[in-house]
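See structure below.
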Amino acid sequence: MTTVRPPTDPAELHRLMSLMTGDEKHSAAATSTLDVLQVLYDRVLRVDPAHPDDPVRDRFLLSKGHGPMAYYAVLAAHGFLDESELATWARPGSRLGLHPDRVLVPGVEIGSGSLGHGLPLAVGTALGLRIRGLTTPRVVVLVGDAELDEGSNHEAIAYAGRSGMANLTTVVVDNASATHRGDLAELFLVEGWRAITVDGRDHDVLETALTAAHDDRPLAVVAVVEPKES
Amino acid sequence: MTTAIAATTMREAFLHAAADAVDADDRAVLVLADISAGADPVPALARRRPGRVVNVGIREQLLLGLAGGLALTGLRPVVHSYAPFLVERPYEALKLDLGHQDVGAVLVSIGASYDQPGIGRTHEAPEDVAVVDTLPGWTIHVPGHPEEADRLVRESIAGEGLVYVRLSSASNAAPHHGAGLQTIRVGSPDDVVVAVGPTLDRVLAADRFRGATVLYTSTVRPFDAAGLRAAVGEVPTVTMVEPYLEGTSARVVDEALSDRPHRTVMIGHPREESHRYGGHDLTL
């Protein structure tokens with residue numbers, strides 16, 4: 001199981017995304033998750049493309065499944081997907097849909113797309129690992145700031161915060177797309193989580209936040225990126 | 001340890017069977033949303049098997065989402081609440097957090113259609129079997145006796161896949177433990193009644209079915225189509241008596257008999273927005 005890998009070249013990730021989108025440049029919306037994903041896969045997650053089902057792997061759950069090009073690009077850069085498959089993206093019969101599907105894509109932990117499902121699934125995964133006595137893997141779930149409007153997340157946040165779920169991390173990619181917007185870090189803090197708000201484009205800061213000690217509580221990292229174009 | 005107790009209700013039978021499974025099977029985890037959390041033998045089980053009884057509070061979306069996550073780690077969640085809160089409120093979680101993730105779970109409901117008619121529509125779920133039946137891959141058990149509930153719960157936890165067990169406070173006098181459609185009374189092959197779960201004793205007593213062949217099942221999905229075809233004549237009338245929404249099994253009965261002319265009669269609870277408190281007996 002690899003824990004430290006050579007950093008991925010951002011230009012390489014954009015090249016891989018272009019194999020899907022056909023665009024040379026990508027909008028902030030298309031890349032809102034890109035830096036978080038790169039830091040997670042380069043520096044944080046212990047996952048191995050040769051053993052994608054290893055019971056002691058870290059679990060990364062992409063709850064915000066819409067616009068998964070950045071995710072597929074990172075998975076390809078790390079050897080979970082062959083880059084030749086990226087060109088099939090969103091075509092009939094492709095494994096690479098407009099939403100990721102765990103049944104089809106190696107390394108993908110959940111099928112997502114409908115908002116508000118990843119965090120409850122992540123809470124169950126974190127709890128399940130603990131029940132099975134697997135104390136080393138961590139569970140990281142990525143949600144969007146607007147996605148947090150879904151009430152299912154609030155059920156999960158309240159429960160996890162009171163259950164000492166130190167193996168759980170939620171990354172909120174905040175591109176200011178929520179209607180009736182509140183304080184995102186506070187949402188977690190009041191429920192007993194540790195929470196930190198950081199620049200979602202700064203890799204070193206993201207790494208520090210994602211690896212911060214949170215020995216007795218779940219961790220929320222609010223990664224702020226450019227506001228979504230209206 | 002096996003809890004030696006003569007269960008008097010399906011709910012008691014379920015809770016003791018689930019407790020035995022949690023004691024003996026390292027895959028089994030009982031997942032609750034307050035309902036039954038204080039009922040015997042759950043508190044003692046929670047003390048005996050720390051972490052294996054999970055009570056999320058009154059959070060039924062999380063109830064199912066968390067169960068999906070447990071299943072993703074290889075565990076076998078046994079998820080329980082009143083039927084409306086187990087399969088209606090979190091319906092999308094059944095679809096996505098279980099089915100679409102390709103993981104299994106055992107869902108066990110109480111309340112049935114009108115078990116507590118005094119508390120009204122909010123706790124009644126005559127639609128529950130029809131709702132679950134819209135989703136692919138589910139096994140649906142409707143036990144007719146506490147001993148059947150005990151067996152079906154144990155088998156479901158030990159097995160794989162997606163299972164919905166619908167418990168009721170209504171019961172037949174005796175259990176019938178066979179698989180699929182069981183022949184209870186041989187009568188005309190052209191007048192065949194299928195009694196589901198706790199409707200059996202009332203079907204056997206009903207004048208209108210005096211000359212009929214009576215079949216019984218506690219498993220409505222997958223439906224025993226071959227068993228029905230083997231039991232009926234060439235131009236049968238098949239009456240389905242189900243203790244939930246009338247016509248829930250019309251599709252599967254019709255498919256089972258697509259090889260012959262047939263007439264179907266569907267008996268169940270009517271499709272209505274009930275504001276009645278009490279008095280919901282099936283009319284046979």
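Over the range B:10-166, what is the relative contact order in percent, taking alpha-carbon pairs closer than 8 angstrom and at least six residues apart?
25 percent
Relative to the Cα centre, the charge distribution of the range B:10-166, modelled as +1 at Lys and Arg Cβ and -1 at Asp and Glu Cβ, gives a dipole magnitude of about 420 debye.
Our summary gives chain A a relative contact order of 20 percent, counting only alpha carbon pairs under 8 angstrom and 6 or more residues apart. Around the Cα centre of the range B:182-269, unit charges on the Cβ atoms of Lys, Arg, Asp and Glu (plus for the first two, minus for the last two) sum to a dipole of about 100 debye. Assuming R0 = 22 Å, what is the FRET efficiency of residue B:102 and residue B:24, from their Cβ-Cβ distance, to the nearest 0.05? Working from the Cβ atoms, E equals 0.25.
Please determine, in degrees from 0 to 90 and to the nearest 10, the orientation of helix B:146-158 with respect to the longest principal axis defined by the Cα atoms of chain B, where the helix direction is its Cα long axis. Value to nearest ten degrees: 60. Partners of residue A:64 within straight-line reach, counting lysines whose Cα lies under 18 Å from its Cα and excluding those fewer than 8 residues away in the same chain: A:228, B:95.
By how many degrees, between 0 and 90 and to the nearest 10, does the Cα long axis of helix B:60-72 differ from the longest principal axis of chain B? That helix lies at roughly 80 degrees to the long axis. Per-residue 3J(HN,Hα) values for the range A:29-35, derived from phi via the Karplus relation 6.51 cos²θ - 1.76 cosθ + 1.60 with θ = phi - 60°, read 5, 5, 10, 4, 9, 4, 5 Hz in sequence order (x marks Gly and Pro). Scaled against the 2.2 N^0.38 Å expected of a compact globular protein of N residues, the Cα radius of gyration of chain B reads 0.99. Dipole check for the protein assembly as shown: with +1 at the C-beta of Lys and Arg, -1 at the C-beta of Asp and Glu, and the Cα centre as origin, the magnitude is about 940 Debye.
Computed FRET efficiency, Cβ-Cβ of residue B:122 and residue B:283, R0 25 Å: what is it to the nearest 0.05?
In this case the efficiency is close to 0.55.
Under a 5 Å amide H cut-off, with hydrogens placed 1.01 Å from N, residue B:81 pairs with B:108, B:110 among residues at least 5 apart or on other chains.
All C-alpha pair distances within the range B:182-269, sorted into 10 Å bins from zero, spread as 19, 59, 22, 0 percent across the bins. Residues whose amide H falls under 5 Å from that of residue B:59, counting only those 5 or more places apart or on a different chain, are absent, with hydrogens built in the peptide plane. For the range B:194-284, chymotrypsin sites (Phe, Trp or Tyr not before Pro) are listed when DSSP marks them as loop and at most 14 other Cβ atoms sit within 10 Å of their Cβ; the list is B:277. Kirkwood radius, the range A:74-132, all distinct C-alpha pairs, inverse of mean reciprocal distance: 12.9 Å. Work out which GluC sites (Glu not before Pro) in chain A are exposed loop sites (DSSP not H, G, I, E or B, at most 16 other Cβ within 10 Å) and give the longest gap free of them. For GluC sites (Glu not before Pro) (loop position, at most 16 other Cβ atoms within 10 Å), the longest site-free span of chain A is A:25-228. Restricting to Cα pairs below 8 Å that are 6+ residues apart, what does the relative contact order work out to for chain B? Please round to a whole percent. Reported as a whole number, the value is 16 percent.
Which trypsin sites (Lys or Arg not before Pro) does the range A:16-49 hold that lie in a coil by DSSP with at most 12 other beta carbons within 10 Å?
Hits after loop and neighbour filter: A:25.
So if I take the centroid of the Cα atoms in the range B:184-254 and the same for the range B:29-80, what is the distance between those two points in Å? After rounding, the separation between the Cα centres reads 36 Å. Positive end of the dipole of the protein assembly as shown (Cβ unit charges, origin at the Cα centre): among B:123, A:77, A:178, the Cα lying farthest that way belongs to B:123.
The angle between the Cα long axis of helix B:10-24 and the longest principal axis of the Cα atoms of chain B comes to about 50 degrees, rounded to the nearest 10. DSSP loop (so not H, G, I, E, B), at most 13 other Cβ within 10 Å: list which GluC sites (Glu not before Pro) in the range B:229-278 pass both filters. Passing sites in the range B:229-278 are B:234, B:272, B:273.
Taking each full run of DSSP H in chain A as one helix, which ones are at least 15 Å long along their axis (Cα atoms) and have mean Kyte-Doolittle hydropathy of at least 0.0? Membrane-span-like by this criterion, though nothing is claimed about a membrane: A:10-21, A:118-131. With a Förster radius of 35 Å applied to the beta-carbon distance between residue A:176 and residue A:53, the computed FRET efficiency rounds to 0.40.
A short reminder: the numbers here are calculations on the coordinates, not readings from a lab. What you see is a predicted model; the values in this text were computed from it and never measured. Here Cβ is always computed from backbone atoms with ideal geometry, including for glycine, and neighbour counts include all displayed protein chains.
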